[in-house]
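This report refers to the structure that appears directly beneath it.
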Amino acid sequence: MSSSDPEKYSIDEMMEKLQNRTSEDPNQDGELVTRADGSQAVRVRKRKRRSQQAHKEALNHNRRSKIIQVTISLVALLLVLFACGIAIIYANSAPFRKSLVQKISLLTGANADLRQFRVTPTRANAELLTLTWPEGNALRELSLRRTSAEISPSTFLGKSMRGEDVSLQEVTLGLRHPEVGKPTRISAPDPKNHALLSFKFYSTPKLRVLFGEPTMPFARMENVEATFQPENTKGIPQLLLNRGEITLQGWPKFKLERSHIEFRGDEVDVVGMRLRHDGDNVGALELSGTLLPYSPDRASLFAIQLQAFPIAGIVGPELGRFFPGHIDTLSSAKSNFLSVKPGPSPDSTLVISYTSSVTAPFEITNFPFLLGLGQILDDKWFERPIFNSDVTGNLRRIGGTITLSDINFTDKGRLAIRGNLTMTSDKKLSGILEIGVAESMIGSAKIPKFASMFSAAEGGFRWLPIKISGTATTPADNFRELFEAASIKSEPAKTESSVPSFEDLTAPK
């Protein structure tokens, strides 16, 4: 009903409207037919109900959209797979390998040789990568075996090789004394080259470092677990080492427990290095300082701290067999350091002030005079005296020469030893050890001749200087000569046969 129609109709108006409707074309909504009885009627065709259903149209639209999206995704995926296939094929090609070698050379400044290089969608692998530097560089050669790197997809674009970590099954690094005036790189350094290779960590379970000639290195480090980080939290390169073995010419073998090293230009900061003596799991040697490989006229200094460290681990087994025991560093402003002067034959000086460790007693043994004291005093303790405290001294090692100076070992009521002892590189011994025997012990000796060997009492001891000679394998001293030359004081003369000889006194019982 339109808005113009009145709200109420009369009977006549309603009849008029009905007549008007019937007068309209009957074929508009149906077909006029004549029945069998002659009457007529309008047959209306059945019309299908057509209604607008929005939710069904939306569903159909979404279905069509999804089909289009899946089709596009499949096409894109096929294109990506195709592109990846092409990229992987290119990454395993000779041009890509040549480009990678150039990038490595530009970054490291070394001649690079890459062998058996291959790339998968997620990793790059190489059987061997060898880097060789000119004579002016402290690095001689770096050999990386069975390298595997987790790479970023951007690597396939060829601009740079990026990733998280690089694992290396075996690494060998050769170091040398750099020649002054010779180039250190085959190409000039460029900060832009650092972006050519970008990995966060390089790690290997087996690092081997050789310093000096490869056939006879001055120092070597083997079987070390290593992790190298090009940029640590300070933004500088960092090397972390764990476990392994360290061998220096003329030194005892050390076991590496851990080490933290940082690189600042041409200087190497040993933030901390903890070593143990081979065969000992108790004591430790702590080392820290700065190495100056490109300054041959300057000595590199390292602070040294010992904790229950066996003295044989410093002086070697030859001299160490005379002093079984562990030592701690004694605080001193002019001691406890290692000085290393770089050169073709590195010159090193070690100076330590020490005291006996509280964890283990300190002993002295294997000197001939100790056997003589034990036999004359009839006390086996003097053959291998043990000092539980009051042990101090200085240790100096210059090259192959080792000196124990300011020796001061005391066992109150029995024995005191002071003096100096030196062993040269050919294992020869020299020095003077003053032996202090307690007055009460000398008074109890059954041989009066023994007392005449000693000086007057001083500090509760009577002293006798002993000259040490011989070698580390066959030590000698002049205790026998002093005993035989001693005269009997305050005693009646005795026949020669009544005085026992030194051989009689020291003969095994």
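The values are calculated or read from the model by the stated rules, or taken from the named source; none is laboratory data. None of the values given here were measured: they were computed from a predicted structure. Don't worry about glycine lacking a Cβ; one is built from the backbone with ideal geometry, like all the others, and counts go over all protein chains shown. In case anyone asks, the SASA skips ligands and DNA or RNA and just uses the protein heavy atoms, side chains included. Shrake-Rupley method; radii C 1.70, N 1.55, O 1.52, S 1.80 Å.
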Revision key, fill the gap. Under the Karplus relation with 6.51, -1.76 and 1.60 and θ = phi - 60°, whole-Hz ³J(HN,Hα) for region 396-413, x at Gly and Pro, equal 10, 10, 10, x, x, 9, 10, 10, 9, 10, 6, 4, 8, 10, 9, 10, 4, x
Exercise for review: Starting at the first residue of region 250-261, write each ³J(HN,Hα) from the Karplus equation 6.51 cos²θ - 1.76 cosθ + 1.60 with θ = phi - 60°, in whole Hz, x for Gly and Pro.
Suggested key: x, 10, x, 6, 10, 9, 7, 8, 6, 7, 10, 10
Point to revise | Point-to-point label distance, Ser440-Glu225, nm (Cα→Cβ direction, 7 Å offset) | key: 5.5
**Study point:** Fully extended contour minus Cα-Cα distance, from Ala299 to Arg64, at 0.36 nm per residue
**Key:** 76.6 nm
Study note, to complete from the structure: Taking a label point 7 Å from the Cα of Thr349 along Cα-to-Cβ, the residues of region 419-445 whose backbone nitrogen sits under 16 Å from it are none
Check your understanding: Label points 7 Å out from Cα along the Cβ direction at Ser167 and Arg321: separation in nm?
Key -> 4.7
Exercise for review: Place a +1 charge on the Cβ of each Lys and Arg in region 344-436 and a -1 charge on the Cβ of each Asp and Glu, then give the dipole magnitude about the Cα centre in debye, rounded to the nearest 20.
Suggested key: 140
Practice item. Pull out the extension gain between Thr120 and Glu57, defined as 0.36 nm times the separation in residues minus the alpha carbon to alpha carbon distance; nm, one decimal. Key: 17.9 nm
Practice item. Report, as a whole number in µm² per second, the diffusion coefficient that Stokes-Einstein gives for region 365-431 at 20 °C and 1.002 mPa s using the Kirkwood radius over alpha carbon pairs. Key: 163
Check your understanding: Using the beta-carbon distance between Lys182 and Arg258 and R0 = 51 Å, what value does 1/(1 + (r/R0)^6) give for FRET efficiency, to the nearest 0.05?
Key -> 0.90
Review point. Under a point spin-label approximation (7 Å from Cα along Cα-to-Cβ), what is the Lys206-Lys234 distance to one decimal in nm?
Key: 3.2
Practice item. Find how much the distance from Lys334 to Arg35 grows on full extension, using 0.36 nm per residue of separation minus their present alpha carbon separation; answer in nm with one decimal. Key: 93.9 nm
Review point. Taking a temperature of 25 °C and a viscosity of 0.890 mPa s, what whole-number D in µm²/s does Stokes-Einstein yield for region 381-475 with Rh from Kirkwood over alpha carbon pairs?
Key: 169
Point to revise | Computed FRET value (nearest 0.05) for Ala94 with Thr290, which takes r as the C-beta separation and R₀ as 45 Å | key: 0.50
Study note, to complete from the structure: For region 245-319, the per residue accessible area (1.4 Å probe, Å²) is 44
**Study point:** Reciprocal of mean inverse Cα separation for region 207-366 (Kirkwood radius, Å)
**Key:** 16.7
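Of the cross-linked pairs Lys103/Lys341; Lys103/Lys182; Lys98/Lys234; Lys206/Lys253, which ones have a Cα-Cα span greater than 25 Å in the structure shown?
Among Lys103/Lys341; Lys103/Lys182; Lys98/Lys234; Lys206/Lys253, the Cα-Cα distance tops 25 Å for Lys103/Lys341; Lys98/Lys234.
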Exercise for review: Compute, for Trp463, the solvent-accessible surface of its heavy atoms (probe 1.4 Å) with the complete set of protein chains present, and express it in square angstrom to the nearest 10.
Suggested key: 20
Practice item. Work out the length of the dipole vector of region 397-486 about its Cα centre, built from +1 on the beta-carbon of each Lys and Arg and -1 on the beta-carbon of each Asp and Glu, and round it to the nearest 20 debye. Key: 140
Practice item. Calculate how large, on average over all directions, the projected area of the Cα convex hull of region 285-408 is; give the answer in nm² to one decimal. Key: 8.5
Check your understanding: How much of Tyr294 can a 1.4 Å solvent probe reach, expressed as accessible area in Å² and rounded to 10?
Key -> 80
